[in-house]
1. Scanning for something at the interface with chain A (Cβ under 7 Å from one of its Cβ atoms), among the hydrophobic types (A, V, I, L, M, F, W, C), under 19 Å from B:Arg143 (Cα atoms) and touching a helix residue (DSSP H, G or I) at 6+ places or on another chain (Cβ under 7 Å), does segment B:496-512 turn up at least one residue?
2. Could you figure out which of (1) part of a loop (DSSP other than H, G, I, E, B); (2) within 14 Å of chain B (Cβ to nearest Cβ); (3) in contact with a helix residue (DSSP H, G or I) (Cβ under 7 Å, 6 or more places away or on another chain) isn't true of A:Leu36?
3. Could we say that B:Thr445 is within 14 Å of chain A (Cβ to nearest Cβ), more than 25 Å from B:Met154 (Cβ to Cβ) and touching a His at 6+ places or on another chain (Cβ under 8 Å) here?
4. Hey, among B:Val203, B:Val185, which residue is part of a helix (DSSP H, G or I) and either within 40 Å of the chain's Cα centre (by Cα) or at negative phi (or both)?
5. So A:Glu24 ticks every box in (1) in a helix (DSSP H, G or I); (2) of a type outside the set (A, V, I, L, M, F, W, C); (3) within 12 Å of chain B (Cβ to nearest Cβ) but one. Which box is left unticked?
6. Contact list please: Cβ distance under 9 Å, first residue in segment B:96-124 and over 18 Å from B:Ile68 (Cβ atoms) and without any contact (Cβ under 8 Å) to a residue 60 or more places away in the chain, second residue hydrophobic (A, V, I, L, M, F, W, C) and surrounded by 21 or more Cβ atoms within 10 Å (Cβ to Cβ), pairs at least six apart or on different chains.
7. Considering B:Arg421, B:Arg388, which residue is crowded, with 17+ Cβ neighbours inside 10 Å, within 24 Å of B:Leu217 (Cα to Cα) and in contact with an Asp or Glu (Cβ under 6 Å, 6 or more places away or on another chain)?
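The values are calculated or read from the model by the stated rules, or taken from the named source; none is laboratory data. Predicted model only: the values in this text are computed from it and were never measured. Cβ atoms come from the backbone with ideal geometry, glycine included; neighbour counts cover every protein chain shown.
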Amino acid sequence: MGASQSGRVHMFQDLADKTGFSIEQINNLRNRFMYLTQDEDTLRREHLENISNLALNPIRRQIIEAFFDKRNLGEKEKGCLQEIGFEEFVMVLSFFRPPKPRTSDEEMKNIKKEKLRFLFNMHDTDNDGVITLDEYRRVVEELLSSYETIGAETAKAISDAAMLEVASVTVGQMGPDEFYEGITFEQFMQILKNVEIETKMNIHFWNLDKRTMQCGK
Amino acid sequence: MELKMFLLVLGLLVGTGSPDMGSSQGKCSESLVQGPQTQENRTHTTHSKKPFPVLSFGYDYVRLPFEISLWVLLASLMKLGFHLMPRLSSIVPESCLLIVVGLLVGGLIKLVGEAPPVLESNIFFLYLLPPIILDAGYFLPIRQFTENLGTILMFAVVGTLWNAFFVGGLLYGVCQLEGHRLVTVDLLSCLLFGSIISAVDPVAVLAVFEEIHINELLHILVFGESLLNDAVTVVLYHLFEEFSSVGTITVTDVLLGIVCFLVVSLGGIVVGAIYGILAAFTSRFTSHTRVIEPLFVFLYSYMAYLSAEVFHLSGIMALIACGAVMRPYVEANISHKSHTTIKYFLKMWSSVSDTLIFIFLGVSTVAGPHEWNWIFVVATLIFCLVARVLGVVGLTFVINKFRIVKLTSKDQFIIAYGGLRGAIAFSLVYLLNTDHFPKRNMFLTAIITVIFFTVFVQGMTIRPLVDLLAVKKKQETKRSINEEIHTQFLDHLLTGIEDICGHYGHHHWKDKLNRFNKKYVKKCLIAGERSKEPQLIAFYHKMEMKQAIELVESGGGSKLPSAMPSTVSMQNIQPKKPPQDRALPQLSKAREEEIRKILRTNLQRTRQRLRSYNRHTLIADPYEDGWNEILIKRKKMKELEKKISQMNNYLTVPAPPPDSPTIARARLASDPQAWGLKSATESIPSIKVDLASPQSPESVNIVDEIGMKGSQPKVSEEGGGLTMKVPSPTKPRKDQTTDEDNDKEPQQRLMRCLSDPGPAAEEEDEDEPFLH
């Protein structure tokens, strides 16, 4: 028991260093992980789909996919995994860790870039490095999917307008023959530079404790 | 010119003897009493056979309203004057100038020998303060406010308490030490004084911060604090005032005080929320009486304020709650014009109030009974400043542990420096009873000094300091639809992650509230179909409207406010699908605007077949002209688009429209290329539709040009698709700019809408054979 404990602590320490969480937070996350997977070793999509609160979320599919997306796990490959372990779970969640108080501007920029990259990967479902009109349309449709009365054309109109805006802002002059493939990551960063992702895309992990753990279902 | 008017007005004021202002608020009885008397006099004179008075002077009859109007006129003229002197208004904030004017007016009145009017507390609290607070509450940025609510509450409650006790306690110490004249000031009086002076004043903060355009976070922090500390001030004030006569405070009193605080603040909010919901509910039924819609908003809010004041609850918080609660629902229900009316009335009233308050502050300074005591006043000033700085620094240290976005020392400095005191403190001191507080005049003097110091010194220097410290300013960029999409996306994403982590955080509760709102509340409070409208759609439509308005308003020249030098069009964005599946190129908004304009001027009959989304059935509303037509036409075009795409026709639209005045004006620089055509000169089988416009014959011409030269692969694959193009396409289309477009032939027309040939508006059905 003692050996596995210290072994686990050692593993947690590695994780902590890699992702920036504290040991306590990783412990809490470990408990949550075990709760979600019902004490199995790996997490599968069904485990996440079982969370009842998540069912009401209009973009739950993309959120769940994000956990299994190889691009978010730091690997250079593309594609999805079928199941992930605790390490990958923590790594995906580390995208939402608030930046430490004394981060330099340079580091902030990197953090912002990472978070934007996560968002980008969520939209770019076919892994080709650009968000095409179709993909963006799907994003808007999902956002509006909780409202039944919205016709598909309104979603289309909104996503078209949004794409046009991106193109206008980032590319500027385009001849009639040129074709705008889609939103690249640099353009994505440019249009969202005012949104202050690094401060908004965070959740407080310090609040995790046993009580709230059980209430997720 | 303004100076002359100013002097004239001043003269009138002084001449009419302004003591009435101070003593005759709401004392219409006085003038009413005088009314019948003068009537009697007049009837009496006719009996004694004097010559018939052709012109008589009956000033007393109109004295009260006349003087009030004169004061308001003076205030407005002052405001006008300042803005005509740009150099002065860029250095000195408006509030300072107004106080100086007040001083001058007061001085003049005193010179003449009259007693200058004082800012009576009930005029202030009942008439001058509510418009400003309502304006602030109605337009409160809810999102930022709730995100920073914890911080704001900390500053408002704990900060104000700290200030009050620090200043009060130390002043008491000073008074004891000083001996002789001040030893009569007991602890409770000092604490009361401390509590009055410690509250940051929303009027002053608004007046100064509005001009420096600081970033939204700091603005909402200081401003939110100034609003929410009202509850604390009210409780402390009543607590100390009640017990000042008794002389001691026990522990039970303190506990009761805490309970009282909770009651006052929460009670105020509840009262405000109730009235807000009532207002929202009322607005649901106003679709037939649009004209009085703004009145409901104002009346319910004012009633909320007064009701809260009846029970000594926090009126300011009630007003804020009322405005914030009713706004989303009311805005979904009322017409566009009512919305504009509300906005402008609120701004106007709050502006006038604000000006009057500062002028009166100046006048009261000259008027008020003063008792100058160097030590007390200087000590007050120093302690206030020190308390503020210490309070902010200490609280920020604690708050930063819980915040994601930490407050930097620059932020802290601005927050501390922005703690201005104002007229509320003055009025509260003025209300003190001289029997209980023998040193009231001294308090008054001290408060006025502190107010002057904060408003003048801090108000004037904050702008250069903000520039010096390079504090982030407010971003003027418009909200883009991408940002809106992603803000919503982020909300859902973060809620989802919180659910996965099993963490009931900020987003979880916000999401729950939104869902509750959508499911139950909106159905009750919003009329008709709009209750189902999601925020994104509402935002999108708002943006469309704004652009449409901009388009129409931008009269001469091709330079438009939102001009973006880009020639991207939807054509560019459409993916390269195989031609069979090629969808119709979407029209960008600008093009559709132009089409709408042309349609509006040319078509005689409108078709009202609308799609699933009912929001546009505003036709019945006689007060909404134009916009619903635009939106209907848009729907119509979408239908047409569907029809066309179903027929598998490849439609490209030729060159941009020509020089017709409406069109040339309305063209957005951002996409002159919406018709993005293939280059130049292919003559392909084309159909040219001449939209009737002032310049062309009203007819539909079908021009069939057998194309021989290299038609583009897309077209050839489709084989004889319908293409509309320019009949005389000699120029290459490589780089189209707006200027070039202006040179096109007058025959080129917007050819998108095949079904809208001309003023002899055919039925839509008639168009279909044409299309086939």
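1. Taking every residue of segment B:496-512 in turn, none turns out to be at the interface with chain A (Cβ under 7 Å from one of its Cβ atoms), among the hydrophobic types (A, V, I, L, M, F, W, C), under 19 Å from B:Arg143 (Cα atoms) and touching a helix residue (DSSP H, G or I) at 6+ places or on another chain (Cβ under 7 Å).
2. Of everything listed in (1) part of a loop (DSSP other than H, G, I, E, B); (2) within 14 Å of chain B (Cβ to nearest Cβ); (3) in contact with a helix residue (DSSP H, G or I) (Cβ under 7 Å, 6 or more places away or on another chain), A:Leu36 misses just condition (1).
3. So B:Thr445 does not fit the description; no.
4. Of B:Val203, B:Val185, the one residue that is part of a helix (DSSP H, G or I) and either within 40 Å of the chain's Cα centre (by Cα) or at negative phi (or both) is B:Val203.
5. Just one mismatch for A:Glu24, condition (3).
6. B:Leu97/B:Met78; B:Leu97/B:Phe358
7. B:Arg421 is the lone residue from the list that is crowded, with 17+ Cβ neighbours inside 10 Å, within 24 Å of B:Leu217 (Cα to Cα) and in contact with an Asp or Glu (Cβ under 6 Å, 6 or more places away or on another chain).
Condition check ((1) more than 28 Å from the chain's Cα centre (by Cα); (2) outside any helix (DSSP H, G or I); (3) not small (Gly, Ala, Ser)) across all residues:
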residue: B:Asn433; (1), (2), (3): yes, yes, yes
residue: B:Phe437; (1), (2), (3): yes, yes, yes
residue: B:Met442; (1), (2), (3): yes, no, yes
residue: B:Val471; (1), (2), (3): no, yes, yes
residue: B:Ile500; (1), (2), (3): yes, no, yes
